[in-house]
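This report refers to the structure that appears directly beneath it.
The values are calculated or read from the model by the stated rules, or taken from the named source; none is laboratory data. Everything quoted here is computed from the prediction, not taken from an experiment. Note: ideal-geometry Cβ built from the backbone for every residue, glycine included; neighbour counts use all protein chains shown.
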Amino acid sequence: MMSNSLVDEREASTLYKHCCDIHKVPCVPDKLDDFIDTINAKLQLMFMQIRKGMSEVNGRQYYALVNMAETDITRMSSDYADNELELFRKTMDLIVSSENGKISSTDALNIADSLMTKRLKKSEAEQVLNRLVQDKWLNEKRGEFSLSTKCIIEMEPYIRRMYEDQVKLCHICHNIAFQSQICDSPTCGIKIHNPCVARYFKGRVEPRCPACDEFWPHEIPEVPRSISRR
Amino acid sequence: MSQRKRLSNTQGASQNKRRSDSLAEDDSEVPFTQPSSSQVQRGLARVSNAQVEQKAAEVVQYIMVKDQKKIPVRRADLVKHVIKDYRNIYPEIMKRVLQTFSQVFGLELVEIDTKAHVYILINKLEPHEALTTNQGSVNPKTGLLWVILSVIFMKRGAVKEGLIWNTLKKLRVDPGERHEVFGDVKKLVTDEFVRQRYLEYVRIPHTEPLECEFRWGQRAELEVSKPQILHFMGQLHEREPQSWSQQYRDAHPSLGAPGPSQPSRSQR
């Protein structure tokens, strides 16, 4: 976990089994979370935790090793300059206030013009954004940026605090939701993660909002193929 | 530092303050000596277990942050910035730090310089086959370093810098030019890798013009598996590792070289 910082559930299970095998302890697959709780008890003093979160893209569960000491974006300050962090903050601002958790690369690059710290050229901003994607803070797909699973898991307390008024929770799983669908009914407006929509409305002929019962107007995505090992 | 400057500009009473300021600064610069066990006992009686645990955790954090950049940790810095007033129970704190590194992280804190008391963290766990193949992106610097370490190893421990530069040039990594991925190649190899203790870059005496040679650094000695390097060479040249008999013995010290007999040591 220290070298990868993010693993999916399947990798975590493999790791857990490997640990059991090496120490000749019988492995009970359902006990993975207990195993992680034990580790977390030891990590707590050092302000580290292994936290679990769902990918907004494929709905799978991921585990991330998270630094709990930093309550701000300053956790990244050893890897990014001040103006680069400002670019990231402002990118996050845009993504949080976007409809479906995605912003165009053009919008992201334009932030370079409005930086209060040292200015960045567009080409430099592009480099920074690429690095942010490489370091797994942002996802990039078809010219659009979104917050990565690692970013959401690690920065959840920060996000909930900074964007208290703007952030909405998924009506189904109750975690913060960015890449999601919103109920059209003006008095309702609940948000549901794309993968949560897929699971909740699976097989329903007439999808209806779980909160207000209005017709759910959006295209229901396919349930992401999960590799279940029960 | 700037505070001292400002004080020195004003007169009179500030002079005294400056002196006591510099005294305070000097105090923490007093070289740290290990407290005796009786001093430690007395010190422990005055603090709670929770406080000791907390200090140990802070030391662990400090070392891990430093180690992220592969910078060796100096004991003096540790005492000055983290241990501070708890210096009289330093041995007890470090005992718990070592325990935590070993039991929680599978890491070992090794002293690579016993005079200056400098430490590095090394990985004590065996890498997991099935997982390492899944690595997203391998750091290119690691690849470069591996090549250099391999050359040095095959040359039995020391290589004139010229050979390294030529080898890299053949791989289209020219120390004379700015490289797309590595930037200033010469700086990376002679400065960064040396600071991280992966390489040693030493002057060859009596050379005119001055020539330097590369050797394995202390971190490489502790972290890098010589049998693995030889195995890699074998694959590259399609030869059995044993076909390099001298290097094979360098990689497997327990096999012993002909000459003074050595007590047999179990292979790692």
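Which residues, taken from segment A:8-29, are closer than 27 Å to A:Ala177 by Cα and in a helix (DSSP H, G or I)? Answer for segment A:8-29, where residues must be closer than 27 Å to A:Ala177 by Cα and in a helix (DSSP H, G or I): A:Glu9, A:Arg10, A:Glu11, A:Ala12, A:Ser13. The combined condition, being over 20 Å from the mean Cα position of the chain (by Cα) and either at positive phi or within 14 Å of chain A (Cβ to nearest Cβ) (or both), is fulfilled by B:Glu53.
Just for segment A:6-27: of the residues that are on the phi < 0 side of the Ramachandran plot and loosely packed, with under 12 Cβ neighbours inside 10 Å, which one is nearest to the other protein chains (Cβ to nearest Cβ)?
Looking at the filtered set, the residue picked out is A:Ile22.
If you check B:Glu111, B:Glu126, which single one turns out to be more than 26 Å from A:Met68 (Cα to Cα), within 11 Å of chain A (Cβ to nearest Cβ) and outside any helix (DSSP H, G or I)? Being more than 26 Å from A:Met68 (Cα to Cα), within 11 Å of chain A (Cβ to nearest Cβ) and outside any helix (DSSP H, G or I) holds for just one of B:Glu111, B:Glu126, which is B:Glu126. Only one of the numbered conditions (1) within 22 Å of B:Gly143 (Cα to Cα); (2) within 25 Å of the chain's Cα centre (by Cα) is not met by B:Val202, and that is (1). Those strands (runs of 3 or more DSSP E) of segment B:131-231 in which 1 or more residues are closer than 24 Å to A:Ser3 by Cβ and touching a residue at least 60 places away in the same chain (Cβ under 8 Å) occupy B:212-216. Exactly one residue out of B:Val79, B:Val97, B:Val59, B:Val104 is at pLDDT 90 or above, out of contact with any strand residue (DSSP E or B) (no Cβ under 8 Å at 6 or more places or on another chain), within 14 Å of chain A (Cβ to nearest Cβ) and surrounded by 17 or more Cβ atoms within 10 Å (Cβ to Cβ), and it is B:Val59. Taken together, the residues in segment A:113-131 that are assigned to a helix (DSSP H, G or I) and either at pLDDT below 90 or surrounded by fewer than 14 Cβ atoms within 10 Å (Cβ to Cβ) (or both) amount to 6.
May I ask you to list the residues in segment A:157-178 that are buried (at least 18 other Cβ atoms within 10 Å of the Cβ), in contact with a Ser or Thr (Cβ under 9 Å, 6 or more places away or on another chain) and in contact (Cβ under 8 Å) with a residue 60 or more places away in the chain? The answer is A:Phe178, and nothing else. Taking segment A:69-93 as the search range and keeping residues that are modelled with pLDDT of 85 or more and surrounded by fewer than 17 Cβ atoms within 10 Å (Cβ to Cβ), which one is nearest to A:Pro195 (Cα to Cα)? If we take residues in segment A:69-93 being modelled with pLDDT of 85 or more and surrounded by fewer than 17 Cβ atoms within 10 Å (Cβ to Cβ), then A:Asp93 is nearest to A:Pro195 (Cα to Cα).
Given the structure, is B:Leu210 over 26 Å from B:Asp113 (Cα atoms) and exposed (fewer than 14 other Cβ atoms within 10 Å of the Cβ)? Yes: the conditions hold for B:Leu210.
To keep it simple, each residue is scored yes or no on (1) of a type in the set (Lys, Arg); (2) under 28 Å from B:Ser245 (Cβ atoms); (3) surrounded by 18 or more Cβ atoms within 10 Å (Cβ to Cβ).
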{"position": "B:Thr142", "(1), (2), (3)": "no, no, no"}
{"position": "B:Gly157", "(1), (2), (3)": "no, yes, no"}
{"position": "B:Lys160", "(1), (2), (3)": "yes, yes, no"}
{"position": "B:Leu163", "(1), (2), (3)": "no, yes, no"}
{"position": "B:Leu168", "(1), (2), (3)": "no, yes, yes"}
{"position": "B:Leu171", "(1), (2), (3)": "no, yes, no"}
{"position": "B:Pro175", "(1), (2), (3)": "no, no, yes"}
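The set of residues from segment A:132-147 being surrounded by fewer than 22 Cβ atoms within 10 Å (Cβ to Cβ) and assigned to a loop (DSSP other than H, G, I, E, B) comprises A:Asp135, A:Lys136, A:Arg142, A:Gly143. Going by what's in this entry, would A:Glu84 be described as part of a helix (DSSP H, G or I) and closer than 29 Å to A:Leu109 by Cβ? Against the criterion (part of a helix (DSSP H, G or I) and closer than 29 Å to A:Leu109 by Cβ), A:Glu84 qualifies. Look at (1) surrounded by 16 or more Cβ atoms within 10 Å (Cβ to Cβ); (2) of a type outside the set (A, V, I, L, M, F, W, C); (3) without any contact (Cβ under 8 Å) to a residue 60 or more places away in the chain and you find that A:Ser3 fails only one, number (1).
In this structure, A:Lys42 does not qualify as more than 14 Å from chain B (Cβ to nearest Cβ), over 30 Å from A:Gln127 (Cβ atoms) and either in contact (Cβ under 8 Å) with a residue 12 or more places away in the chain or outside any loop (DSSP other than H, G, I, E, B) (or both). The residues listed here are A:Gly59, A:Gly53; of these, the one that is away from chain B (no Cβ under 12 Å), touching a His at 6+ places or on another chain (Cβ under 9 Å) and over 30 Å from A:Asn110 (Cα atoms) is A:Gly59. Taking the conditions exactly as written (on the phi < 0 side of the Ramachandran plot and in contact (Cβ under 8 Å) with a residue 40 or more places away in the chain), does A:Glu154 satisfy them or not? Judged against the criteria, A:Glu154 is a match. Considering segment A:1-49, and only residues there that are β-branched (Val, Ile, Thr) and closer than 17 Å to B:Leu125 by Cβ, the residue that is nearest to the chain's Cα centre (by Cα) turns out to be A:Val7.
Condition check ((1) without any contact (Cβ under 8 Å) to a residue 24 or more places away in the chain; (2) closer than 24 Å to A:Asp165 by Cβ; (3) assigned by TED's automatic domain parsing to the domain that holds A:Gly189; (4) over 20 Å from the mean Cα position of the chain (by Cα)) across all residues:
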position	(1), (2), (3), (4)
A:Thr91	no, yes, no, no
A:Asn100	no, yes, no, no
A:Ser105	no, no, no, no
A:Ser123	yes, no, no, yes
A:Leu129	no, no, no, no
A:Gln134	yes, no, no, no
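Of the listed requirements (1) part of a helix (DSSP H, G or I); (2) away from chain B (no Cβ under 14 Å), A:Asn100 misses just one: (1). When every residue of segment A:31-53 is checked against the conditions, none turns out to be closer than 25 Å to A:Glu222 by Cα and of a type in the set (S, T, N, Q).
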